[in-house]
Structure formats: structure tokens, C-alpha cells
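Colleague: Below are the C-alpha cells for one structure; questions will follow.
The values are calculated or read from the model by the stated rules, or taken from the named source; none is laboratory data. Bear in mind that the values here come from a model prediction, so they are computed numbers and not experimental data. Cβ placement follows ideal geometry from the backbone for every residue including glycine, while neighbour counts extend to all protein chains displayed. Quick note on the areas: whole protein, heavy atoms, side chains included, nothing else; ligands and nucleic acids left out. Shrake-Rupley method; radii C 1.70, N 1.55, O 1.52, S 1.80 Å.
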Amino acid sequence: VQLQASGGGMVQPGGSLTLSCAASRSVVSSSIMGWYRQAPGRQRELVATITSGGSTFYTDSVKGRFTISRDNAKNTVYLQMNSLKPEDTAVYYCKTVVHYLDYWGQGTLVTVSS
């Protein structure tokens with residue numbers, strides 16, 4: 001399984017970005033998919049997940065601002081990020097678990113700065 005994350009960039013506080021994670025095979029519809037992030041000098045943290053059944057989870061700091069979704073036909077998971085804050089600055093990674101193995105995308109940098 002290969003994951004390709006994209007959509008990062010620089011945005012001003014209060015702005016929006018949408019990240020995409022494209023999978024090399026049909027895992028989006030059958031596996032849990034997640035977005036993580038790692039800020040400079042900090043540990044990687046879970047941001048959001050979506051299960052094969054469509055259940056979602058968000059870490060407290062992004063609730064009400066971020067939305068995770070998926071398009072099974074495109075084998076793609078999205079992270080819509082609104083009302084971005086400087087503390088959202090990080091490299092964002094997508095991840096899936098298939099047959100108990102973790103697969104990570106390469107990361108996409110999000111910078112929130114005025």
C-alpha cells in the first residue's frame with residue numbers, strides 16, 4: 001500500500017486548506033484512515049480518523065474546525081481544515097492499517113502564518 005499526501009501550503013490565520021491522501025489500492029473503503037501531524041520539536045500526534053463504517057474521531061484541538069472524509073471511488077481521504085491557527089503548523093501525514101501493518105504517506109507541510 002502506498003499513500004500520497006498533498007495539498008499543504010502556506011495560509012494566513014483563519015484561512016482554509018484541504019489535504020488529500022490517495023491510496024495505491026482499494027483500502028480507503030475497508031480500512032481505518034487517519035491524519036497525523038508533527039510540529040517542529042514535537043511528537044507526532046493524531047489529528048483525525050475515519051473508519052470503514054464512516055465513524056470519525058477528532059482530537060480536541062481541531063474539533064469543529066477540521067473535517068475528515070473519504071471518496072471510496074477515488075481511494076482518497078481528505079482533511080478539510082478551516083479557521084486555521086498558527087499552532088496548526090506542522091507536517092501532516094496520512095496513515096492506514098492493513099492486516100495489522102501501518103502504512104504512512106510522505107507528509108505534506110502546512111504553515112499558518114501572517
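Colleague: Using beta carbons and a limit of 7 Å, which pairs, at least six apart or on different chains, have the first residue in segment 87-114 and in a loop (DSSP other than H, G, I, E, B) and the second one open to solvent by 80 Å² or more (accessible area, probe 1.4 Å) and not hydrophobic (A, V, I, L, M, F, W, C)?
Modeller: 105/4; 114/12
Colleague: If I filter segment 1-58 down to residues being assigned to a loop (DSSP other than H, G, I, E, B) and among the charged types (D, E, K, R), which single residue comes out as nearest to the chain's Cα centre (by Cα)? Please lay out each step first, then the result.
Modeller: Of the residues in segment 1-58, the ones assigned to a loop (DSSP other than H, G, I, E, B) are 1-2, 7-8, 12-16, 24-32, 39-44, 51-55.
This time we only want the ones that are among the charged types (D, E, K, R), so: 25, 42, 44.
Working: 25: 18, 42: 17, 44: 12 Å.
Here the answer is 44.
Colleague: Please find, within segment 49-104, the residue that is least open to solvent (accessible area, probe 1.4 Å) out of those that are farther than 15 Å from residue 30 by Cα and among the basic types (Lys, Arg). Quick ask: steps written out before the conclusion?
Modeller: Taking segment 49-104 as the starting set, the residues that turn out to be farther than 15 Å from residue 30 by Cα are 57-68, 78-94, 104.
Remaining after also requiring among the basic types (Lys, Arg): 63, 65, 85.
Values: 63: 117, 65: 27, 85: 80 Å².
The qualifying residue least open to solvent (accessible area, probe 1.4 Å) is 65.
Colleague: Give me the pairs, please: first residue somewhere in segment 52-75 and among the β-branched types (Val, Ile, Thr), second residue anywhere and in a helix (DSSP H, G or I), beta-carbon distance under 9 Å, and either six or more positions apart or on two chains.
Modeller: 62/88
Colleague: Out of curiosity, is residue 16 open to solvent by 20 Å² or more (accessible area, probe 1.4 Å) and hydroxyl-bearing (Ser, Thr, Tyr)? Lay out the reasoning, then the answer.
Modeller: Values: open to solvent by 20 Å² or more (accessible area, probe 1.4 Å): yes; hydroxyl-bearing (Ser, Thr, Tyr): yes.
Considered against the rule, which asks whether it is open to solvent by 20 Å² or more (accessible area, probe 1.4 Å) and hydroxyl-bearing (Ser, Thr, Tyr), residue 16 comes out as yes.
Colleague: Do we have residue 31 as open to solvent by less than 30 Å² (accessible area, probe 1.4 Å) and at pLDDT below 95 here? Break it down stepwise before answering.
Modeller: Details: open to solvent by less than 30 Å² (accessible area, probe 1.4 Å): yes; at pLDDT below 95: yes.
So residue 31 passes the test.
Colleague: What are the pairs with Cβ atoms under 7 angstrom where one residue, in segment 12-27, is on the phi > 0 side of the Ramachandran plot and the other, located anywhere, is of a type outside the set (Asp, Glu) and surrounded by 15 or more Cβ atoms within 10 Å (Cβ to Cβ)? Sequence gap at least six, or different chains.
Modeller: That search, which allows pairs on different chains as well, returns 14/84.
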